[in-house]
Amino acid sequence: NAGVMQNPRHLVRRRGQEARLRCSPMKGHSHVYWYRQLPEEGLKFMVYLQKENIIDESGMPKERFSAEFPKEGPSILRIQQVVRGDSAAYFCASSLTGTGGQPQHFGDGTRLSIL
Amino acid sequence: SQQGEEDPQALSIQEGENATMNCSYKTSINNLQWYRQNSGRGLVHLILIRSNEREKHSGRLRVTLDTSKKSSSLLITASRAADTASYFCATDEENNDMRFGAGTRLTVKP
């Protein structure tokens, strides 16, 4: 499967636990984007990463959230000490280049539920 | 911050009819893209229109862009039940990040 792969598809955590969401971009893509979607709403940009660098994290909360895209391996979105309000679908997308006018290719998301 | 805003929020039509969705945005853009999202799935890229283009076609899809009014429309002709999905416009910003609207939920009744 050459598409964007996200895992897990569903993740259940209790308040205070940590959530780790993984994203493997399309082969050859070095630009990764994370979005958050609440039911019946659009996608909210969180963070844009290129291999080993955070390019724009303006949409990511300053506390408890972090993202990385190491030289080897998938991109990780990490949420520490989760709260009920973190329940949402988190989507990852990748693109071939970071220049404008490039379509983004999306994974099917991780649905995070906080008990 | 959100950039594109779709209108209407929801649209219900009969199979065979045309569906028109609109998108308005606030700041200057280089490109505007339309995406489709089926329930429980990720977004799928449909079409990209650049700021110097006014109209673009892809199969049953027709997209227009009016930069003077900061608006775009997506027309789906001869709709099918399989077109039932949410449709989002996305605009790029100066740093090339994309911003999505809240979407139009299209229901095509067989």
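When the gyration tensor of chain A is built from Cα positions, what are the square roots of 5 times its three eigenvalues, in whole Å, from largest to smallest? Walk me through the numbers before you get to the answer.
Numbers: eigenvalues 100, 40, 37 Å².
One finds semi-axes of 22, 14, 14 Å for chain A.
Which of the lysines could a cross-linker bridge to B:Lys69, judged by Cα under 19 Å and excluding same-chain residues fewer than eight apart?
Counting by Cα, and skipping residues close in sequence, B:Lys69 has these lysines nearby: B:Lys26, B:Lys56.
Tell me, what is the 1.4 Å probe accessible area of B:Thr67, in Å² to the nearest 10?
That residue has around 50 Å² of solvent-accessible surface.
Dividing the Cα convex hull volume of chain B by residue count, how many Å³ per residue is that?
Working: hull volume 10.1 nm³, N = 110.
Taking the convex hull of the Cα positions in chain B, it is 92 Å³ per residue.
Interface size between chain A and chain B, please: total buried accessible area, 1.4 Å probe, rounded to the nearest 100 Å². All intermediate terms of the calculation are to be shown ahead of the outcome.
Working: alone 6610 and 6070 Å², together 10930 Å².
Chains A and B together bury approximately 1700 Å².
Taking a ≥ b ≥ c as the square roots of the Cα gyration tensor eigenvalues, with a/c under 1.5 meaning rounded and otherwise prolate when a/b beats b/c, else oblate, which class fits the stretch B:36-93? Don't jump to the answer; show the numbers that get you there.
Details: a/c = 2.42, a/b = 1.51, b/c = 1.61.
Taking the square roots of the gyration eigenvalues as a ≥ b ≥ c, the stretch B:36-93 is oblate.
Roughly how many Å² is the accessible area per residue of the stretch A:4-115, as a whole number, for a 1.4 Å probe?
Each residue of the stretch A:4-115 exposes 49 Å² on average to a 1.4 Å probe.
Tell me the per residue accessible area of chain B using a 1.4 Å probe; a whole number in Å² is fine.
47 Å²
Cα to Cα, under 19 Å, and not fewer than 8 places away if on the same chain: which aspartates and glutamates meet these conditions relative to A:Lys51?
Within the straight-line limit of under 19 Å, A:Lys51 reaches these aspartates and glutamates: A:Glu68, A:Glu72, B:Asp97.
If you wrap a convex hull around the C-alpha atoms of the protein assembly as shown and split its volume per residue, what is the figure in Å³?
Details: hull volume 27.4 nm³, N = 225.
Per residue, the Cα convex hull of the protein assembly as shown comes to 122 Å³.
Calculate the FRET efficiency for A:Ser30 and B:Arg60 from the Cβ-Cβ distance with a Förster distance of 41 Å, rounded to the nearest 0.05.
Details: r = 34 Å, r/R0 = 0.82.
Plugging the Cβ-Cβ distance into 1/(1 + (r/R0)^6) gives 0.75.
Which value, in debye to the nearest 20, gives the size of the charge dipole of the protein assembly as shown about its Cα centre, when Lys and Arg are +1 and Asp and Glu are -1 at the Cβ?
Dipole of the protein assembly as shown, to the nearest 20 debye: 600 debye.
The values are calculated or read from the model by the stated rules, or taken from the named source; none is laboratory data. Keep in mind that this is a model prediction, so the values were computed, not measured. Cβ coordinates were reconstructed from backbone atoms using ideal geometry, including for glycine residues, and neighbour counts include every protein chain displayed. Protein only, heavy atoms only, side chains kept; ligands, DNA and RNA dropped before computing areas. Shrake-Rupley method; radii C 1.70, N 1.55, O 1.52, S 1.80 Å.
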